[in-house]
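Participant: Take this structure, written in structure tokens, and hold onto it; I'll ask about it next.
The values are calculated or read from the model by the stated rules, or taken from the named source; none is laboratory data. Remember, predicted model here, so these are calculated numbers, not experimental data. Cβ: placed from backbone, ideal geometry, glycine included. Neighbour counts: every protein chain shown.
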Amino acid sequence: MKKQWYAIYTRSRCEKKVASLLHKHKIESYCPLNKVLRQWSDRKKIVDEPLFSGYVFVKINIDEQFVVKHLTSDIVNFVYWLGKPATIKDQEITDIKLFLNNHMNVKLEKQTVRVDDKVKILSGPLMEREGQIRSIHNNKVKLTLPSLGYTMVAETAIDNIQQVTPGYLTNRMVS
């Protein structure tokens, strides 16, 4: 069977621990870490925090689900959609990695996918990607990841975006 990405719920603040344990058991996993500037009374420091609080992604065969779920009590369950474990597209995991490699202080906004303008990114780390814009305001562009139901926010110049004609849009998730 083909391996696919799945999202798993973890206990609060156990994302890094679960990802480390999965890696130790040679299970491909990904815990997206967001570089965030934190300030204490005496210093500032950039720290890595999980982007998706309470989630880690695993790339497994569906047959391995039982093993992963019972690996540790810090794994609560798989994320389900319509009664089945929700699969995440490889391209979405790649997009998250690319996005986090190029941006700090990424914020997540819970949202539902809506049909807006169809666009193509002209330059930057997501160059040549096509998708639908959730919104553009003060040079902020929002990347929609439909199967996760979140939007990542980063700044880009508005002239880096070009509207595309209907029917030209491919099945990618950038906006």
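Participant: Under 7 Å between Cβ atoms, at least 6 apart or on separate chains: pull out the pairs that start in the range 21-44 with a residue that is in contact (Cβ under 8 Å) with a residue 12 or more places away in the chain and surrounded by 10 or more Cβ atoms within 10 Å (Cβ to Cβ) and end on any residue that is in a loop (DSSP other than H, G, I, E, B) and of a type in the set (Phe, Trp, Tyr).
Facilitator: Final answer for the pair search is Pro32/Phe52.
Participant: Take Leu98 and decide whether it is free of Cβ contacts under 8 Å to residues at least 40 places away in the same chain and loosely packed, with under 11 Cβ neighbours inside 10 Å. Talk me through it step by step, then tell me what you get.
Facilitator: Values: free of Cβ contacts under 8 Å to residues at least 40 places away in the same chain: yes; loosely packed, with under 11 Cβ neighbours inside 10 Å: no.
Here the answer is no, as Leu98 does not meet what is asked.
Participant: Under 6 Å by Cβ, and 6 or more places apart or on different chains, what pairs join a residue from the range 57-79 that is without any contact (Cβ under 8 Å) to a residue 40 or more places away in the chain with one that is among the basic types (Lys, Arg)?
Facilitator: Between residues of the range 57-79 that are without any contact (Cβ under 8 Å) to a residue 40 or more places away in the chain and residues that are among the basic types (Lys, Arg), there is no close pair.
Participant: May I pose another question? So, restricting to helices (runs of 4 or more DSSP H) that lie completely within the range 10-114, which ones have at least 1 residues that are at pLDDT below 95?
Facilitator: Answer list for the range 10-114: 65-69, 90-102.
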